[in-house]
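Read the structure below first, then the notes.
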Amino acid sequence: MQTRIMIVDDHEIVREGLRSSLSADPRFDVVAEAGSGQEARRCIRQKLPDIALVDLRLPDMRGEDLAREFARDFPDTSVIILSTYLSEETVRGALEAGAVGYVTKAAGLTELISAIERVMDGEHAVGAMAGPQIVRQLHAVVSSRMSEATPTPQQERVLELAAQGFTNQEIGTRLFISESTVRFHVQKLKTKFAARTKTELIAKAIRTGYIAPAGEAGMAHVDP
């Protein structure tokens, strides 16, 4: 299943370029575009994308504030900030607001796609143009935030179905979300429970009483 993407940027030429480039990749589906924060709020409610690419400077609000709103109200949508600015302060502010990725507009398409892939795999993504000190410090910020986060209702449903033995693809079908989104939720749950595999995640969730044990037959085809 394709990764659903929303582009939020006040420059039409930027939106057109991103839409054209990303749509050429069969893994991605650009489902919405917005030129302002207000328009983005309407679009996300209608389209519920997996990824929102958000400009740091919008005409009616800051990208960090929009990322904070999306993280609170639409936790199943991951925000990657796109910006011409690159400093420890701006990147840290974006990630602490709720974004899980930060890529400069000077970066190429390959780097942007890499960031999208990493985010969908449950990682944070800071562009290669960022210095190592920024990356090290921000890795600590994001890791801390993810480890302290309470699982969302959607993540709880994913965990329950995984414990019943459903594969990522089957979970996606039952919850009407893409398989890549399921993998994203599983990765976040692994971080929350300090688990290396899905099997370990389920075992820890059962031991801590977070979910009820499933029958042995239901555990027959758990994804790694």
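A short reminder: the numbers here are calculations on the coordinates, not readings from a lab. Just so it is clear, the structure is predicted and the values come from calculations on it, not from any experiment.
Numbers below:
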| quantity | calculated |
| --- | --- |
| Table column - 3J(HN,Hα) (Hz), the stretch 62-76, Karplus curve with 6.51, -1.76, 1.60, x for Gly and Pro | 8, x, 4, 5, 5, 4, 5, 5, 5, 4, 7, 9, 9, x, 7 |
| Interchain or long-range residues, amide H under 5 Å from ASP121's placed H | none |
